[in-house]
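Colleague: Sharing a structure here in structure tokens format.
The values are calculated or read from the model by the stated rules, or taken from the named source; none is laboratory data. Just so we're clear, the structure is a prediction, and the values are computed from it rather than from any experiment. Don't worry about glycine lacking a Cβ; one is built from the backbone with ideal geometry, like all the others, and counts go over all protein chains shown. For accessibility, only protein heavy atoms count, side chains too; no ligands or nucleic acids. Shrake-Rupley method; radii C 1.70, N 1.55, O 1.52, S 1.80 Å.
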Amino acid sequence: MSSVGAVGLPVDVVVFDLDGTLLDHQGAVSGALQRWLPTRGVEFADDAVKAWLAAEDRHFPEWRAGRISLVEQRRRRMRDFLGHLGDNAADVAVLDSLFAEYLVHFQAS
């Protein structure tokens, strides 16, 4: 069933851009890192948000294109971010655990 849009054209689908429109993604990332990093013994700094978002920008397109799984995309993001902190964690179980910790804070933000 179609409805009619403001210009009189039929509307079958409405698409919402969640990140930055309905959801303050950058604010949620910042809030999550502010709460999560101290639990890891790391002091929060503004460059942490930039590093996290840069890792997202590098790996999210690979997942969206179907070249890697969601879990692998998260692992790569976490690995890049940890590298920014001077930690070269490579064990996938550790990466998964750390992302799960971060995700709790992100969802709360």
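Colleague: In the range 57-82, which residues are open to solvent by less than 40 Å² (accessible area, probe 1.4 Å) and within 19 Å of residue 29 (Cβ to Cβ)?
Modeller: Result: 59, 73, 77, 78, 81, 82.
Colleague: Same structure, new question: For the subset of the range 83-109 comprising residues that are within 16 Å of residue 26 (Cα to Cα) and in contact with a helix residue (DSSP H, G or I) (Cβ under 6 Å, 6 or more places away or on another chain), which member is least open to solvent (accessible area, probe 1.4 Å)?
Modeller: Filtering first and then ranking leaves 102.
Colleague: Right, another one. Answer yes if at least one residue in the range 31-43 is in contact (Cβ under 8 Å) with a residue 60 or more places away in the chain and in contact with a Lys or Arg (Cβ under 6 Å, 6 or more places away or on another chain), and no otherwise.
Modeller: There is no residue in the range 31-43 that is in contact (Cβ under 8 Å) with a residue 60 or more places away in the chain and in contact with a Lys or Arg (Cβ under 6 Å, 6 or more places away or on another chain).
Colleague: Going by the structure shown, is residue 33 of a type outside the set (Asp, Glu), out of contact with any Cys (no Cβ under 8 Å at 6 or more places or on another chain) and surrounded by 15 or more Cβ atoms within 10 Å (Cβ to Cβ)?
Modeller: For residue 33, the condition - of a type outside the set (Asp, Glu), out of contact with any Cys (no Cβ under 8 Å at 6 or more places or on another chain) and surrounded by 15 or more Cβ atoms within 10 Å (Cβ to Cβ) - is met.
Colleague: Scan the range 22-45 residue by residue and report those that are of a type outside the set (A, V, I, L, M, F, W, C) and either more than 14 Å from residue 85 (Cβ to Cβ) or in contact with a Gly (Cβ under 7 Å, 6 or more places away or on another chain) (or both).
Modeller: 24, 25, 26, 27, 30, 31, 34, 35
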